[in-house]
Structures are given as structure tokens and as C-alpha cells.
Amino acid sequence: MKSFLNVQDLGNLKAALAEAQEIKQDRFKYVEMGKNKTALLVFFNNSLRTRLSTQKAALNLGMNVIVLDVNAGAWKLETERGVIMDGDKSEHLLEAIPVMASYCDVIGIRSFAGLADREYDYSETVYNQFVKYSGKPVFAMETATVHPLQAFADLITIEEHKTCPRPKVVLTWAPHPKSLPQAVPDSFAEWMNAADVDFVITHPEGYELDPRFASNAQVEYDQLKAFEGADFIYAKNWSCPGVTNPDKYGQILDDYHKMMDWTVSARQMAVTNNAHFMHCLPVRRGMIVTDEVIEGPRSLVIPEAANREISATVVLKRILENL
Ligand code: AN0
Ligand code: CP
């Protein structure tokens, strides 16, 4: 594997899920594989889980790890070509990428959507420059439009907790005070469409996800109706993807105070099939979900986060196999 952005990069999903379980049984099984190989993890944005779980995954495989927080200690990087660099950015990605690549064998990138220019974000400008100019395998640790390590961990978690062959999985929008990227719901939708689940998306009008990720997934604008009989509820806020309303791209469409009936609470969970609650974290309690639901016996947020180590180990292993 030379690049990890989309579900297809992993090939057969059932085989990848089996490999995840093999690694979960013995996370150091392939500790010899990464000997004298170095993973560089580049963060343009904050992280708790991705930072720790990806480092742990690299250590499971016997790799060395270097972590760079671009905005805390490195030179501020210009990412657009052709600009006169007279602002606060001291170095261009076009030099920084080959330099960083010279010190490592694999590069992970966290670079969120700017949410100002849809075309810039949806063409994965920053990630693709790393692919083009590093000459090394590159994997997404949440880029402008995708978060595949999260979606893979989510799928592993659903596989572990499902009690029927084809569970009903509902992705629900929930309120948030700040504009957030669409990467998590984009990837979740893409991966659920590829998995053996009955998938429904629910959100207020105007938040339609890009069809390259949502594809033909069923959209139900009535949240309570969508929740009926669900086995898994996956909550997430996202800003306007600008599909039906390009001028609103990256914006919050209605003041969150008016949207608080979308907060996942016992009221909606009551119509589900005793559904598990999922969220990628970090989560704002009282906005996305009530304390009662996230602390309740059906909440999977902690095992879900723990599975990030497993998804990252499988992905790094696949990359190492092809170095
Ligand atoms: C980010 C997002 O919504 O994309 C990261 C989630 C994993 N969340 C925040 O910025 C709060
Ligand atoms: N879920 C997730 O990616 O969390 P972090 O932003 O803390 O890495």
C-alpha cells in the first residue's frame, strides 16, 4: 500500500477485519517487520487519539517514530504554490516535504479542511502534495475530506459488537458551536457503504454529504424516524458540505441554540433496538450527546478509541509489507 486515503486502498474488507483481529490477539506479532524503519507523523492540527494510537501502532511493529507538530516549533508552512511569501509563513511545503521525507520511510499527515475553499479542500491539495513530492508512502491521519484510520476502527468496533449479520447503522448530525470538517462523516459513510450493514444518514436539510462518500446511502431528514430499530448510532457534527448550497460551504447553517433537539439523548435512543452509541471523540457533552447516553452501558466510545491502535497497526503493516 503506497497511500491510505479511501476504503479501496485496503482491498478486501473482510480480510482486513480478520487481520485486525489477528493483531488484536497479539499486537507485537509483527514486531520484527519495522526494524530500522522510521515513521514520521506530521500534525498541522491538534490530536490526542491519532497521535498516541499511531505512535503505539508503529511501536507495535518495531518502528522508530518521529512526530512533528508543524504549528508548535517548526517553521510555519505555506501550502499554496505561486504566492509571494511576505506573510507569517517562512517555508514552503515544496521544500519542506522532500526534506521531511529524507528522514523517514513512511509519512502520516493530519491536515484538516480549511473550510473556506471547497475545491481546495475536496481536491486534497495538501495530502496530494505529500504524495507527489515525498516519494514515500503517505497515509491520512485526518485530511481535508477523510479520516480512514477512524472509519476502519469504527468498522472493527461494529464487527465486534454486532449481534445480527446485517446491523442497522445510523450516522446522525448533532449540534456544535464551531464549524467542523466533514472528514469523519465522509469516511464513515464511505466505509459503511462498503460494509455489510444497513446504513442510514440523518441530518437537517442543507448538510448533505458529498456523493463521492455518501453514494446511494439512504438519507432520512427526520432524526427520530432514522433511529427506529437502529443497532448502532454514530453521532458527529459537520459543517455544511456545500453540495446543495455551495455558497454556504464550511458554515454552520443555523444557530446551534435552535438545533439542540438533535443532541443525542435517551429520548431518541428509546426508539432504537437498544442501540450502541458511537462517536470518534473528542466530544462535547451536552451538545452532541447527553452525559446519560455517553456514560450508559451501550456506549462504545472508549473501545472505539482503543481500536484506533489496531486500525493503525494494520495500515502500517500493509505499508511496511510493500516498502
Ligand atoms: C475534528 C473534526 O471534527 O474533524 C477531529 C475529529 C477526530 N474535531 C474537532 O476539531 C473538535
Ligand atoms: N478521533 C480522533 O481522531 O481523535 P484526535 O483528534 O484526538 O486524534
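The values are calculated or read from the model by the stated rules, or taken from the named source; none is laboratory data. Being a predicted model, the structure only gives us computed values, none of them experimental. Glycine gets a Cβ as well: all are built from the backbone with ideal geometry, and neighbour counts include every protein chain shown. Ligands, DNA and RNA are stripped out before the accessible areas are found, and what is left, the full protein with its side chains, is counted by its heavy atoms. Shrake-Rupley method; radii C 1.70, N 1.55, O 1.52, S 1.80 Å.
Only one entry of 323, 300, 316 meets the criterion of being on the phi < 0 side of the Ramachandran plot, touching a residue at least 12 places away in the same chain (Cβ under 8 Å) and exposed (fewer than 15 other Cβ atoms within 10 Å of the Cβ), and that entry is 323.
Would you check if there is a residue in the range 161-182 being touching an Asp or Glu at 6+ places or on another chain (Cβ under 8 Å) and within 19 Å of residue 212 (Cβ to Cβ)? So far as the range 161-182 goes, yes, one or more of its residues are touching an Asp or Glu at 6+ places or on another chain (Cβ under 8 Å) and within 19 Å of residue 212 (Cβ to Cβ).
Quick one: is residue 39 open to solvent by less than 60 Å² (accessible area, probe 1.4 Å), assigned to a helix (DSSP H, G or I) and under 24 Å from residue 151 (Cα atoms)? For residue 39, the condition - open to solvent by less than 60 Å² (accessible area, probe 1.4 Å), assigned to a helix (DSSP H, G or I) and under 24 Å from residue 151 (Cα atoms) - is not met.
Residue-wise test of (1) touching a residue at least 40 places away in the same chain (Cβ under 8 Å); (2) open to solvent by 10 Å² or more (accessible area, probe 1.4 Å).
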position: 201; (1), (2): no, no
position: 228; (1), (2): yes, yes
position: 234; (1), (2): yes, no
position: 246; (1), (2): yes, yes
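Residues that are aliphatic (A, V, I, L, M), within 16 Å of ligand 1 (Cβ to nearest atom) and open to solvent by 40 Å² or more (accessible area, probe 1.4 Å): does the range 54-64 have at least one? No.
I'd like the full set of residues that are crowded, with 19+ Cβ neighbours inside 10 Å and away from ligand 1 (no atom under 16 Å from the Cβ), limited to the range 161-172. Correct list: 167, 168, 169, 170. Report yes if residue 51 is in a loop (DSSP other than H, G, I, E, B) and open to solvent by 10 Å² or more (accessible area, probe 1.4 Å), otherwise no. The answer is no for residue 51. Step by step: first the residues of the range 248-281, then only those that are among the aliphatic types (A, V, I, L, M) and part of a loop (DSSP other than H, G, I, E, B), then the one that is surrounded by the fewest Cβ atoms within 10 Å (Cβ to Cβ). Which residue is that? So, considering only residues that are among the aliphatic types (A, V, I, L, M) and part of a loop (DSSP other than H, G, I, E, B), the one surrounded by the fewest Cβ atoms within 10 Å (Cβ to Cβ) is 270.
Looking only at the range 173-187, residues that are touching a strand residue (DSSP E or B) at 6+ places or on another chain (Cβ under 8 Å) and more than 11 Å from ligand 1 (Cβ to nearest atom) come to 2 in all.
Of all residues assigned to the range 285-306, none qualifies as being away from ligand 1 (no atom under 16 Å from the Cβ) and farther than 24 Å from residue 49 by Cβ. The set of residues in the range 129-160 being open to solvent by 10 Å² or more (accessible area, probe 1.4 Å), more than 15 Å from residue 98 (Cβ to Cβ) and assigned to a helix (DSSP H, G or I) consists of 159, 160.
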